[in-house]
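This report refers to the structure that appears directly beneath it.
Coordinate-derived values only; no laboratory data. Because the structure is predicted, anything quoted here is derived from the model rather than measured. Note that each Cβ is placed from the backbone with ideal geometry, even for glycine, and that neighbours are counted across all protein chains shown.
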Amino acid sequence: MKKTLILAAIAALVVAAPVSAQANNMSFFITSTGPGNGANLGGVRGADQHCQNLAYAKGFGDASWRAYLSTIAMGGEAAVNARDRIGDGPWHNYAGDMVAQNVSDLHSNDANLTKESILTENGDMVNGRGDSPNMHDILTGSTMDGTVSTADGHDACANWTSDGEGSAAVGHHDRQGGGQNPTSWNSAHGSRGCSQSDLQGTGGNGFYYCFAIDANEQEAFREE
């Protein structure tokens, strides 16, 4: 009887623990789900926490995760550029493939950013143009160089707190579609609005990119 209880306790601990990470130390992913409230992500802190929670559930919670999101100057707070939030790199996807060596590389034509390489924390590809439903509009609030976008009335959906009025720059993770910069992974065009239905209406679903700001430490661990 005692042995049975011990085994049951061990089994319960295994179920409660986060899934073990693979040998490849993921330091970049696209969210498999959004909070579900349009572009209202609870601000950048809420978005960061969502990244952290998704990573933790897959066994990558030891890294410090940040959302690739820019914010405008608002309420006495200075604007923040997405490129300044994500550390120095290098970054690898779930499969262990490097997507970019550093911030400059990430925002260059040399970055390995395609539909096939931009994987979720589960290692899955996200629907793009031609898939049903299309979900290639990825929230960034950024220009192509990773700085905050204020063009065309973009307000980063009230700095990621609006699920109604406003607009934010979105990228195309599959590098195709319409807009001013259809092949840009981070700044293809502006969103129609900030609600979940508005995001879905133009081919999105409230997803965004997550980066480990201490990816260089993950890389050092990989090489040991």
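Ranked highest first by the average count of other Cβ atoms within 10 Å around their residues, in what order do 72-79, 116-123, 87-94 fall?
Going from most to least packed, we get 87-94, 116-123, 72-79.
Estimate the FRET efficiency between E165 and T33 by the formula 1/(1 + (r/R0)^6), using the beta-carbon distance for r and 30 Å for R0, to the nearest 0.05. Rounded to the nearest 0.05, the efficiency is 0.80.
Computed extension gain for D84 through D131, at 0.36 nm per residue and net of the alpha carbon distance, reaches 13.7 nm.
Which part of the stretch 45-84 falls in the paramagnetic zone of D124, meaning amide N under 19 Å from the point 7 Å along Cα-to-beta-carbon? So the set is 50-60. Each peptide in 156-162, 141-147, 109-115 gets a packing score, the mean of other Cβ atoms within 10 Å over its residues, and the list from highest to lowest is 156-162, 141-147, 109-115. Full extension of the chain between N181 and S64 gives 39.1 nm of extra length, using 0.36 nm per residue less the Cα-Cα distance. For the chain, the percent of C-alpha pairs falling in each 5 Å distance bin, counted from 0 to the bin holding the largest distance, reads 1, 8, 15, 20, 19, 15, 9, 5, 3, 2, 2, 1, 0, 0.
Here the simple spin-label model places points 7 Å from the Cα toward Cβ, and for M74 and A95 these points are separated by 3.6 nm. Most tightly packed first, judged by the mean number of other beta-carbon atoms within 10 Å of their residues, the peptides 34-43, 205-214 read 205-214, 34-43.
Here's the picture: charge each Lys and Arg Cβ at +1 and each Asp and Glu Cβ at -1 in the chain, and of N37, S149, C210 the one pushed furthest to the positive end of that dipole is N37.
Counting only Cβ charges, +1 for Lys and Arg and -1 for Asp and Glu, the dipole size of the chain around its Cα centre is about 700 debye.
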